[in-house]
């Protein structure tokens with residue numbers, strides 16, 4: 001079977017790859033029936049020569065490959081009919097901006113596998129960039145705090161080589177006695193936690209965070225039942241929350257009253273309560289002045305996130321009284337960092353982590369009859385139709401919703 005690593009064509013450019021040169025070398029040494037080619041790219045974090053040095057042919061035309069591997073959405077005019085594709089399609093939540101992409105995938109008889117739904121039997125994701133989004137997002141959040149308050153300046157993450165250098169830069173600064181709240185307990189949030197721990201910040205529990213003052217900067221990592229409560233006041237577990245999010249209301253405001261910085265690393269499910277609303281942000285005791293929204297759900301659970309920002313221009317301001325975008329240095333503004341492709345600022349680290357898991361969980365499925373169902377669960381389209389698991393998208397494709 002022949003795999004092709006495609007050139008990333010979405011703008012702004014993405015430097016990440018699904019398979020690193022070393023991963024390709026491991027695969028060609030492990031599976032006798034595998035062949036890998038790489039489409040020439042001047043953008044990729046790994047140069048063409050690095051693939052060639054590991055025995056991988058670099059070509060201008062990947063149409064000879066059976067399976068094409070990319071990271072971001074492939075432009076419609078670049079899709080090759082009758083192929084298998086892996087990329088983040090951003091369609092599983094019925095994102096309207098990619099409706100035409102999904103329609104094109106179907107019309108071109110493409111077998112689409114979405115990285116976001118590559119899972120094990122328990123629906124746990126097997127390949128993801130989330131940890132690296134958290135790593136860069138936390139760094140960018142601290143950087144935004146320094147720029148907002150004109151108290152220190154950190155270099156952009158994209159100017160540094162790896163996570164180790166990011167932490168070294170963070171250790172050079174001295175934060176005032178601020179409180180940082182970090183939402184979530186998954187890959188994204190735990191990546192952010194690595195950075196807060198790496199720079200030596202003290203972690204405190206929920207009760208102490210809400211009630212005590214400290215003579216040093218501290219942070220608190222909170223989970224869904226820390227910032228949501230069941231409306232009928234029964235105390236259940238997080239699985240009940242995931243099953244019945246409509247039965248819950250947000251309790252995040254108690255954190256907003258005491259926090260200076262908010263790092264949003266949670267996963268937001270449809271129907272769940274917003275963490276804080278635009279009305280919440282108008283209140284006099286709403287204290288948060290910097291939001292690093294790694295999750296980046298536009299006009300969603302974090303009211304200050306009006307739009308995604310970019311690596312080139314990562315911070316904007318939100319005026320809570322006027323509900324408009326302003327300069328983030330405006331005294332009334334909440335500084336918002338909402339870059340939606342954060343791992344691209346740490347492309348080599350992110351690619352290595354992603355590639356290791358793709359080699360471990362995905363490629364073997366093509367050679368073992370997909371015995372664990374990895375491909376079956378991730379296959380969104382086949383033979384010009386949505387697969388059974390994704391037929392819920394048919395009305396979306398048809399433009400009925």
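Laboratory data are not the source of any read-out in this text; all were calculated from the coordinates shown. Computed from a predicted model, the values in this text were never measured in an experiment. Cβ placement follows ideal geometry from the backbone for every residue including glycine, while neighbour counts extend to all protein chains displayed.
Quick check on the exposure proxy: order 173, 56 from fewest to most C-beta atoms within 10 angstrom.
So the ranking, lowest neighbour count to highest, is 173, 56.
Counting neighbouring beta carbons within 10 Å and listing from fewest to most, the residues 143, 389, 377, 235 come out as 235, 389, 377, 143. Rounded to 0.05, the FRET efficiency of the residue 356 and residue 388 pair, given R0 = 41 Å and the Cβ-Cβ distance, is 0.85. Short-range pairs are left out: with C-alpha atoms under 8 Å and at least six residues apart, the relative contact order of the stretch 125-194 is 55 percent. Once the Cβ-Cβ distance of residue 2 and residue 308 is raised to the sixth power relative to R0 = 30 Å, the FRET efficiency obtained is 0.25.
Between 0 and 90 degrees, the angle of helix 187-198 with respect to the longest Cα principal axis of the chain falls at about 60 degrees.
The angle separating the long axis of helix 21-30 from the principal Cα axis of greatest extent in the chain is about 50 degrees.
How large is the helix-only mean residue ellipticity at 222 nm for the chain, computed as the sum of -39500 (n - 2.57) over DSSP H runs with n ≥ 4, divided by its residue count, in deg cm²/dmol to the nearest 500? Numbers along the way, then the final one.
Working: 13 runs with 107 residues, N = 401.
About -7000 deg cm²/dmol.
Relative contact order of the chain, taken over Cα pairs closer than 8 Å and 6 or more residues apart, is 18 percent.
How far, in nm, would the chain grow between residue 398 and residue 348 when pulled straight, counting 0.36 nm per residue and subtracting the alpha carbon separation? Don't jump to the answer; show the numbers that get you there.
Values: separation 50, 0.36 × 50 = 18.00 nm, distance 3.89 nm.
Length difference between fully extended and current span is 14.1 nm.
Contour minus end-to-end for residue 158 and residue 327, with contour as 0.36 nm per residue of separation and end-to-end as the Cα-Cα distance? Could the numbers behind the result be given before it?
Working: separation 169, 0.36 × 169 = 60.84 nm, distance 2.27 nm.
The residue 158-residue 327 span can extend by a further 58.6 nm.
Rounded to the nearest 5, what % of DSSP beta bridges with both residues in the stretch 244-401 are antiparallel? Here the antiparallel bridges make up roughly 50 percent for the stretch 244-401. Could you give me D for the stretch 279-329, from Stokes-Einstein at 25 °C and 0.890 mPa s, where the hydrodynamic radius is the Kirkwood radius over C-alpha pairs? Units µm² s⁻¹, please. Roughly 212 µm²/s, to the nearest whole number. The Cα atoms of the chain cover 62, 47, 35 Å along the three principal axes, with the biggest extent listed first. Rounded to two decimals, the Cα-based Rg/Rh of the stretch 130-340, with Kirkwood Rh, is 0.94.
DSSP beta bridges in the stretch 130-340, what fraction antiparallel, as a percent rounded to 5? Don't skip to the end; give the middle numbers.
Details: 10 of 30 bridges.
Counting DSSP beta bridges with both partners in the stretch 130-340, the antiparallel share is about 35 percent.
Spin-label pair residue 319-residue 32: with each label point 7 Å from Cα along the Cα-Cβ axis, the two points sit 7.1 nm from one another. Placing pseudo-labels 7 Å out from each Cα toward the beta carbon at residue 238 and residue 42 gives an inter-label distance of 4.6 nm.
Counting only Cα atoms, the size of the stretch 211-285 along its three principal axes is 40, 25, 23 Å, in decreasing order.
Considering only C-alpha atoms, what is the centroid distance from the stretch 385-401 to the stretch 301-329, in Å? Here the two parts' Cα centres lie 33 Å apart. Using the empirical formula 2.2 N^0.38 Å as the baseline, the Cα radius of gyration of the stretch 268-401 reaches a ratio of 1.45. How would you classify the stretch 218-333 from its alpha-carbon gyration tensor, with a ≥ b ≥ c the square roots of the eigenvalues: rounded for a/c under 1.5, else prolate if a/b is greater than b/c, otherwise oblate? Prolate is the answer for the stretch 218-333, as a/c is 1.5 or above and a/b outweighs b/c.
Please work out the C-alpha center-to-center distance from the stretch 58-113 to the stretch 350-381 and express it in whole Å. So the two Cα centres are separated by 17 Å. Of all beta bridges that DSSP places with both ends in the chain, some 25 percent have antiparallel geometry.
Between 0 and 90 degrees, the angle of helix 347-357 with respect to the longest Cα principal axis of the chain falls at about 60 degrees.
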